[in-house]
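The values are calculated or read from the model by the stated rules, or taken from the named source; none is laboratory data. It should be emphasised that the depicted structure is a prediction, and the values quoted were computed from it without experimental measurement. Positions of Cβ are generated from backbone atoms using ideal geometry, with glycine treated the same way; all protein chains shown enter the neighbour counts. Side chains included, ligands, DNA and RNA excluded: accessible areas come from the protein's heavy atoms. Shrake-Rupley method; radii C 1.70, N 1.55, O 1.52, S 1.80 Å.
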Amino acid sequence: MSTMSLDCLELSKTKLFEKICNGLSVVQRTQNLLDCSDDLLFAWDANEGCLLVMNWRLPLTVTEQDAKVNYQTLVPSIPIILDVDRVTVSNECSLVALSGPRGVCILELPRRWGLDGYFMDGKKQITCRTYCLDYLLFQNNNHLEVRQVRWHPNSVSDSTLLVLFNNNTIRMYNHSKLRHVWQVGPLTMKNGANTSLTDFGEVAVDFDIAPATKSRCADLTAANETTLNQRNKKLGGKPAKQEKIEWPIVVLRENGNIYIVLTSLDSDITRLQGPIKITPQKMDNYGLESCSIMVIPSLPPTIVIAESNGKLHHALLMDAEAAEHSFNEVDDFILIEPAEFVIHVLETVELELGLSGASNTGPKDTYNCPIHLKRDIINELRYFAYHNAGLHVVTVNFISELQRYLDSESEEDRLELASSSKAEYILCTKIDSAEKINAVCGISQLQLPAGVVLLLGNRAVISLKLVIDAQLLVAPSDKKYRACDVDQQESGPSFLDKIKTLLQRNVNQPILANKMSSASPHEGYELLNQAIEVLREQYLKRHVLVRAEFAKHINQIILKKEQQLREIKDLEHEREIISEGAHKLAERFEEISDNQELLVRKCHSLMQKANNALPNSILAECEFSQEVERINKITKSIAAELDKAKKTLNKQRYHIANSQEELKKNVYELPEKQHRIITEILTQLTGEIDRQITDAKRINKIVGV
């Protein structure tokens, strides 16, 4: 199969991948030299020791010749001499962590502006500030190695980096400064040499950060805090501090033991708990060859534990009913608190690491390699598992069941985790039993449109589109279907569920990537036979069964339709009969109603005549009826007189209104000069009268009257 046919975005034609492919290491091992943030794709160039970045959406719309710049080169301010095997972009795309087994470097990204959203408006080469973390620490400890690097999700400045070392320590850095050093296990190095602890698998191999939880130390001192708050209120002081939020750091050791470090970003004090109890218990443990761990932020959090033999354990991290002490002789000198958590394993998924011929298959020929986990940023129910033999996409189905159960308001709803997870072998890079491998050197997930980009050890670039399963989407009508679960149980499974069951397969045919060395004709023939057998048994055979089931279902629908048509005809005939009967009944009802009304009137008239003809009529009643008739006549005459009085009143009002209008018209008006003179004379008289009144009062006051 041609590699170009697997590059739907045609990224292999870009100059960025042409350049970084020349710098791939000859020694094949799984690493991740790619990372993506929104529309920017980052790639590490080992030849020139610089970071390349391109806008991966531009090749989809414009040609590379028409673009302003093909890619940008971010040159570190200091030469990076370490072997970079992991590129990790921070959450807000402001920093990039370049890590390798012997060190970690932080590269500050410049600002973005311009039409295409490049750094510094598309400048081809940009020198970025770069600083190494604890350079002297690695120089003085030759056996010290970096195991895992993760950005903290609660960093306000987007600059908090956690680094796990093989001496069971986690160091927290903020930019270039070391903030905290957390011991997560016994020291495995003394005087520059490994101790025997590595033989027992006590070395931490991976870690991940779980969702934040409320600190339980506050519950133990609640009474003291309450008393302190009361005293502060009386004294007018400040109240006690609020409860702290802790971020559990889940640490995985090589022997499968899991420890949890409870701490906050602004505290040197940590609380180490473990090994966490894992249920149900097994004789061979859950991870004798554990290599990586990942936390899916569900409710409760889902933990994925990967082993190098291809086993993936899906478990739930839950609160323990009571804190329990764990016994471990190696950790006797480390302060370990009682475990407040418990891990419950729900299922184990086995991955197929490579495809081999029929002659080479067997329990002794199983291939083991480290498995790396990567969370799906588009769908939280899915994650990626990449390794030396290719890429798997694993779907965790019980997370949606847990979410549905938590969102349900029905008290009768029960939690049933019946659907198992599904692992799809998307890309296979190992098709024979040879020792040479074609490892995944880089993987990055794209958004809008959704896709995944892989860089293989044979310098092949693969870009695939991601298809989201409809079962993983929560449709608005799902609640209606959930409300009818009882009816569905009574009527049996639906046809859609039956088809899904028939199409569900245990093995899929992955995409085969090119090998660095061509396989022999015999191995190719065996691989072809295996692929044909998988297609026949898992694809074609199931489609034949589905076709037969569809034919059977169609016949049933046709028979049911004919039966329903016959029933419809019978119902229409019965409806005509009922309508005719209803019409007759309506006519009969109207006739009876008319007769009833006539009879009622006759009864009233007969009763009136009978009452009048009674011989024992009371004299008072006769007088009362005569009085009523007399009052009625008087009332009518009064009403007639009242009408006449109203008419007379209206006439008088009319004549009065006319006379008033005539008076207004006949009013004599003085000339303006005479009116002014009379006004002045009256004003003078008023003043004279006021003066005389004043004099009279004064004389009375003098006389004493």
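Numerical summary
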quantity	calculated
Residue in the range 127-139 that is touching a Phe, Trp or Tyr at 6+ places or on another chain (Cβ under 8 Å) and hydroxyl-bearing (S, T, Y) present	no
Qualifying positions in the range 157-181 - of a type in the set (S, T, Y), out of contact with any Gly (no Cβ under 9 Å at 6 or more places or on another chain) and either open to solvent by 40 Å² or more (accessible area, probe 1.4 Å) or closer than 22 Å to N142 by Cβ (or both)	S157, Y173, S176
Residue within the range 552-566 that is part of a helix (DSSP H, G or I) and either touching a residue at least 40 places away in the same chain (Cβ under 8 Å) or in contact with a strand residue (DSSP E or B) (Cβ under 6 Å, 6 or more places away or on another chain) (or both) present	yes
Any hit, the range 553-570, residues being touching a helix residue (DSSP H, G or I) at 6+ places or on another chain (Cβ under 8 Å) and surrounded by 11 or more Cβ atoms within 10 Å (Cβ to Cβ)	yes
Residue in the range 86-105 that is farthest from D45 (Cα to Cα), counting only those that are polar (S, T, N, Q) and open to solvent by 30 Å² or more (accessible area, probe 1.4 Å)	N91
Subset of the range 339-376 [surrounded by fewer than 14 Cβ atoms within 10 Å (Cβ to Cβ) and either outside any loop (DSSP other than H, G, I, E, B) or modelled with pLDDT of 85 or more (or both)]	E350, P363, K364, D365
The lone exception for R588 - which of (1) exposed (fewer than 10 other Cβ atoms within 10 Å of the Cβ); (2) at pLDDT 85 or above it fails	(1)
Residues satisfying the stated conditions in the range 400-420, i.e. within 16 Å of P300 (Cβ to Cβ) and modelled with pLDDT of 80 or more	S400, E401, L402, Q403, R404, Y405, L406
Residue within the range 617-628 that is at pLDDT below 85 and not in a helix (DSSP H, G or I) present	yes
Answer residue from the range 446-460, given it is under 24 Å from the mean Cα position of the chain (by Cα) and small (G, A, S) and is surrounded by the fewest Cβ atoms within 10 Å (Cβ to Cβ) among those	A450
Selection from the range 106-129 of residues that are surrounded by fewer than 21 Cβ atoms within 10 Å (Cβ to Cβ), under 33 Å from the mean Cα position of the chain (by Cα) and part of a strand (DSSP E or B)	E108, R112, F119
Meets criteria (over 18 Å from D39 (Cβ atoms), in contact with a strand residue (DSSP E or B) (Cβ under 6 Å, 6 or more places away or on another chain) and at pLDDT below 90) for I106	no
Enumeration of residues in the range 366-399 that are charged (D, E, K, R) and in contact with a Leu (Cβ under 8 Å, 6 or more places away or on another chain)	R382
Matching residues, the range 272-298, being assigned to a strand (DSSP E or B) and out of contact with any helix residue (DSSP H, G or I) (no Cβ under 8 Å at 6 or more places or on another chain)	L272, Q273, K277, I278, T279, S290, C291, S292, I293, M294, V295
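Conditions (1) at pLDDT 55 or above; (2) open to solvent by 40 Å² or more (accessible area, probe 1.4 Å); (3) within 31 Å of the chain's Cα centre (by Cα), marked per residue:
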site: F207; (1), (2), (3): yes, no, yes
site: L235; (1), (2), (3): no, yes, no
site: K244; (1), (2), (3): yes, yes, yes
site: Y259; (1), (2), (3): yes, no, yes
